[in-house]
Every structure is written in structure tokens, then in C-alpha cells.
Amino acid sequence: MDIDNALVSLKDDRTYSRNDLIEIFRRDNKELNDATFRWMLYNMQLHNRLYRVGYDEYITSERRVLPEYRPFYTEDVLKVKDLLEEKYPELSFVMFESVALNEFLNHQIAQNTVYVQVEKDLSTYIFDILKQELGGMVLYKPNRTEFSRYWTRGCVVVLELVSQAPLSSAQPHEITMEKLLVDIIADKSIEATYSPAELPDIFRNVRKNYRVDVKKMNRYAGRRGKAEIIARYMGDIKDAV
């Protein structure tokens, strides 16, 4: 089968799954089998005719290969991060701050909240340490009502780090995009910092600007009981491509 002819029918402005591609290629060759298709897929990527940008996601234009998300942390986060790294260099924790969502929101978050997600067995201990060291308002696993009632400017929230979360191997304390998208739905104190009506825009803006490993995200969403919600928002984005 002539790969060049097969690629003519593909568009540069959309994303394709493996099923999409094999269905398109079989229009010209109904005898195309799975083994030959796998070779074609490998060959097209090898010669930069097709680009894999996520789990089961392929595009035809290199210009649409999106960068990996790296959060830009404010001094609010760095102060807490440096404190924990200095005192507990072996501690597993991830940092997030609410103003990081402003990159994807129409209505900006004015007052920042810092979140420290710590391995479960040490979360209460780290909460006590931060409350002692920072001297400000530190909350432990607040629900939405508690967060709204006790939040103050410069608030730090300690949460448990859920096992099997998608973490960055290079920067273990930085939140990954796959984790961020699930946490803003699963953690009620984070959800309280933005309007839920903006969720479609958050997902749309993320998918437009950053790579998302859908397989990792879905696994984590399932772990947190949010798989159906995540699938609904990701499905909306895919349908719009």
C-alpha cells in the first residue's frame, strides 16, 4: 500500500486514534491486516509523516506537537517547597497553587491558595510542622464548607497524596497536567477556588496548549472515582477537534 496516498486523506487540523487511521487506510485496501498496519504506523512515525502526541493520539503536522506542562510557581509555593525539601529531603509531596489555573480561566483567581499534597502516613505530621513554621492559616483536608469558612489570605492547605498519582520523574514536587485536571475536580477545596462553569474552558485550553497523557490521566481519575466526569470533558474536547 502506498503510504503517501493514504496520508493525503488525513487533515492537519485534527487528532486521529489508531482505529481512525486503520479505518481510513482500509478504504483503499480492504485486505489491510493488523500486522501490516502496525508496520505502517511505525514507519510513518519513523519518517516524520505522523506524530504521536498522547495515548492513542496521532497528528500529521509537527507544528501541533504540544509541549509538556511545567508550572510556574510563585514565591508562596517556593517558600513551602524549600522548607520541606530542606527539613525532609526524602519526603514525597506535590505542590499546587490556585492561581496556576488563571492560565486557563476567563475569570481570574485573585487570592492565591497553596496546596501541599503529602504521602498519607505523614500528612498530619507535616500539617503540624507547617502550622508551627509558617505561623499563618494552615488547613488540613478541609471540605468545601470548611474551606469557605476558615480560608484567609495566604492560606496553605495540606492534602493527602493519593497513591498511583501521575508524578513527574524529573521534578517530583511539580504537579503534572494529568494530575492537575483530576485534582481540580476531585479535591473540594481546590474546586472551591474557581467556578465549575469554567471546567469546559479549562479542558479546552489545556488540550490546545499542552500534551496530555490520556492513559495516565484516566488511570488516576479511576483511582479517585472521577473517570466518568473526566471522560465527559475530554470527550467534549475530542468532538470539537
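The values are calculated or read from the model by the stated rules, or taken from the named source; none is laboratory data. Keep in mind that this is a model prediction, so the values were computed, not measured. Glycine also receives a Cβ, built like all others from the backbone with ideal geometry; neighbour counts cover every protein chain displayed.
Do the conditions hold for LYS120, that is, is it touching a Leu at 6+ places or on another chain (Cβ under 8 Å), assigned by TED's automatic domain parsing to the domain that holds LEU161 and among the basic types (Lys, Arg)?
yes
So which of LEU78, LEU122, LEU83, LEU91 ends up being touching a Ser or Thr at 6+ places or on another chain (Cβ under 9 Å) and hydrophobic (A, V, I, L, M, F, W, C)?
Just a single option satisfies the conditions, and that option is LEU122.
Determine whether LEU105 is within 21 Å of ARG207 (Cβ to Cβ), of a type outside the set (Val, Ile, Thr) and at pLDDT 90 or above.
When the stated conditions are applied, LEU105 passes them.
Determine the pairs where a residue that is on the phi > 0 side of the Ramachandran plot, located within segment 151-170, has a partner that is of a type in the set (Asp, Glu) and crowded, with 16+ Cβ neighbours inside 10 Å with Cβ atoms under 9 Å apart, the partner being 6 or more residues away or on another chain.
GLY154/ASP76
Give the residues of segment 220-237 that are at pLDDT below 85, surrounded by 15 or more Cβ atoms within 10 Å (Cβ to Cβ) and not β-branched (Val, Ile, Thr), sorted by residue number.
Residue satisfying the conditions is MET234 alone.
What are the residues in segment 1-31 that are more than 17 Å from TYR51 (Cα to Cα), at pLDDT 80 or above and not in a loop (DSSP other than H, G, I, E, B), if any?
Matches in segment 1-31: GLU23 only.
If only one of ALA170, ALA100, ALA186, ALA110 is at pLDDT below 95, among the hydrophobic types (A, V, I, L, M, F, W, C) and closer than 24 Å to ASN218 by Cβ, which one is it?
Within the list ALA170, ALA100, ALA186, ALA110, the selection yields ALA170.
Starting from segment 38-51, take each residue that is under 12 Å from ASP4 (Cα atoms) and assigned by TED's automatic domain parsing to the domain that holds VAL8 and list its partners that are of a type outside the set (D, E, K, R) and assigned to a strand (DSSP E or B), counting only C-beta distances under 7 angstrom and pairs at least six apart or across chains.
Qualifying pairs under 7 Å: LEU50/TYR58.
Residues of segment 185-215 being under 12 Å from LEU101 (Cβ atoms) and touching a strand residue (DSSP E or B) at 6+ places or on another chain (Cβ under 9 Å), which ones?
ILE190
Which of the helices (runs of 4 or more DSSP H) contained wholly in segment 163-219 include at least 2 residues that are within 14 Å of the chain's Cα centre (by Cα) and either crowded, with 18+ Cβ neighbours inside 10 Å or assigned by TED's automatic domain parsing to the domain that holds ALA231 (or both)?
It comes to 177-186, 199-209.
Before we move on, is TYR88 among the aromatic types (Phe, Trp, Tyr), more than 19 Å from the chain's Cα centre (by Cα), surrounded by 11 or more Cβ atoms within 10 Å (Cβ to Cβ) and assigned by TED's automatic domain parsing to the domain that holds PHE127?
yes
So how many residues does segment 41-85 have that are assigned to a loop (DSSP other than H, G, I, E, B) and basic (Lys, Arg)?
2
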